[in-house]
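Visitor: My structure is below; once you've seen it, I'll send some questions.
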């Protein structure tokens, strides 16, 4: 299975792997599962890191290098994904989360999230 990690899970996993939710850690241990990260997540981290937000202390350039070094594949943002955002119900206002949902849907991959609001969307989303 292919799983797109949301920004929160990427940050948790990059700082302290033992802090990952148990369900996410179990999926990581399954042979054959492939994990991806979105350019949108790095965009969000870069913006909030630059603003000095307390929850975003990881340098986005170092984060990207670490993700690639550990074998995660980057999902680039396409115009098809961007346009799909307009089809999503107005459950959540966060533009980064909405783009992640659109990417997972358009690309046919499962979005892993610990966010209960994101998990309310229809589509390939799994809350961990």
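Visitor: For residue 103, state whether it is surrounded by 19 or more Cβ atoms within 10 Å (Cβ to Cβ) and farther than 21 Å from residue 13 by Cα.
Guide: Details: surrounded by 19 or more Cβ atoms within 10 Å (Cβ to Cβ): yes; farther than 21 Å from residue 13 by Cα: no.
Against the criterion (surrounded by 19 or more Cβ atoms within 10 Å (Cβ to Cβ) and farther than 21 Å from residue 13 by Cα), residue 103 does not qualify.
Visitor: Yes or no: residue 111 touching a residue at least 60 places away in the same chain (Cβ under 8 Å), surrounded by 12 or more Cβ atoms within 10 Å (Cβ to Cβ) and not in a helix (DSSP H, G or I)?
Guide: Numbers: touching a residue at least 60 places away in the same chain (Cβ under 8 Å): yes; surrounded by 12 or more Cβ atoms within 10 Å (Cβ to Cβ): yes; not in a helix (DSSP H, G or I): yes.
The answer is yes for residue 111.
Visitor: Follow-up question, since we're still on this one. Identify the residue in the stretch 82-93 that is in contact (Cβ under 8 Å) with a residue 12 or more places away in the chain and not in a helix (DSSP H, G or I) and, among all such residues, is nearest to residue 9 (Cα to Cα).
Guide: Ranking the candidates gives 92 first.
Visitor: Moving to a separate point now. Kindly list the number of the only condition in (1) loosely packed, with under 13 Cβ neighbours inside 10 Å; (2) farther than 12 Å from residue 4 by Cβ that fails for residue 44.
Guide: It is condition (1) that residue 44 fails.
Visitor: Another question, then. Please find, among 98, 116, 127, 87, the residue that is more than 14 Å from residue 41 (Cβ to Cβ), at pLDDT 95 or above and under 13 Å from the mean Cα position of the chain (by Cα). Lay out the reasoning, then the answer.
Guide: Values: 98 fails: more than 14 Å from residue 41 (Cβ to Cβ); 116 fails: under 13 Å from the mean Cα position of the chain (by Cα); 87 fails: under 13 Å from the mean Cα position of the chain (by Cα).
So the residue among 98, 116, 127, 87 that is more than 14 Å from residue 41 (Cβ to Cβ), at pLDDT 95 or above and under 13 Å from the mean Cα position of the chain (by Cα) is 127.
The values are calculated or read from the model by the stated rules, or taken from the named source; none is laboratory data. Since the model is a prediction, treat every value here as computed from it, not as a measurement. For neighbour counting, all protein chains shown are included, and Cβ atoms are generated from backbone atoms with ideal geometry for every residue, glycine included.
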